[in-house]
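Shown next, in structure tokens, is the structure this report addresses.
The values are calculated or read from the model by the stated rules, or taken from the named source; none is laboratory data. These numbers were taken from a predicted model, which means no experiment stands behind them. As a convention, Cβ positions derive from the backbone with ideal geometry for all residues, glycine included, and neighbour counts pool all protein chains shown.
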Amino acid sequence: MDETPAPAAAIEAVASDAAGAADAPAPPAETGAPDAPEPQLESNIQRQLDPQYVALQRLIGWIVTASVSASVLATVGVLWLTADLPRWASVLLIPAGLLMTLGIGWLLYVWPAVHYRHVSYTLDAEGIEIRSGVWWRQVMSVPRSRVQHIDVSQGPLERSFGLGRLVLYTAGTAHSRVELPGLSYAVAFSLRNYLLPRGDDDAV
């Protein structure tokens, strides 16, 4: 039986599809790194945390305040119904619980901005220096040579604000785990890459 040759148009279509499949770029690998380019980090410049860290801490403060308020309200209700309290104590229960809730809410709203102003970090050729503390100041230097492992972590709330935290694991027992929260996710990855121990070939 004689085979009928395929039409020229069909052959060209098959060849075009094969060429397109070969030229198509491969899908990017899932590395967990941010999609945006990593920011360039300059040495010997004191930097603060990402401003979104204040908004994140205030959101956490509202959640804590709501939880405390619910607990206080439940306690006041139980005491009101079951405890044999003097009349003046029963009258003061609700205002006292309200004042305590408002005080906690105010503190958790104001404190994040105060804490933010007193946390900074500086990079140099040796590693990173972290300054923190409102009343008691702390300056912690982490040499690159002592860094054994570096993590970049991100919880659900941090992810919603585009934030992450840098976790350094160092040799020794004192400060073997150093954590720097409140960084943008891209900056956290840039710091990780900057602080990774360098080989002897990179030393100058």
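Overview of results
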| quantity | calculated |
| --- | --- |
| Criterion: under 21 Å from Q57 (Cβ atoms), at pLDDT below 95 and among the small types (G, A, S) - qualifying residue of S141, S132 | S132 |
| Filter result for Y169 (surrounded by fewer than 19 Cβ atoms within 10 Å (Cβ to Cβ) and within 23 Å of G133 (Cα to Cα)) | yes |
| Among the residues listed as A96, A125, the single one being outside the structural domain of V76 (by TED's automatic domain parsing) and out of contact with any strand residue (DSSP E or B) (no Cβ under 7 Å at 6 or more places or on another chain) | A125 |
| Residues that are buried (at least 16 other Cβ atoms within 10 Å of the Cβ) and either among the charged types (D, E, K, R) or over 12 Å from L195 (Cβ atoms) (or both), drawn from region 133-153 | R144, R146 |
| All positions within region 56-70 that are among the hydroxyl-bearing types (S, T, Y) and either under 14 Å from L99 (Cα atoms) or outside the structural domain of G103 (by TED's automatic domain parsing) (or both) | T65, S69 |
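Residue-by-condition table, conditions (1) loosely packed, with under 12 Cβ neighbours inside 10 Å; (2) in contact with a helix residue (DSSP H, G or I) (Cβ under 8 Å, 6 or more places away or on another chain); (3) of a type in the set (S, T, N, Q):
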position	(1), (2), (3)
G61	no, yes, no
V68	no, yes, no
V72	no, yes, no
G77	no, no, no
R87	yes, no, no
L93	no, yes, no
G97	no, yes, no
L108	no, yes, no
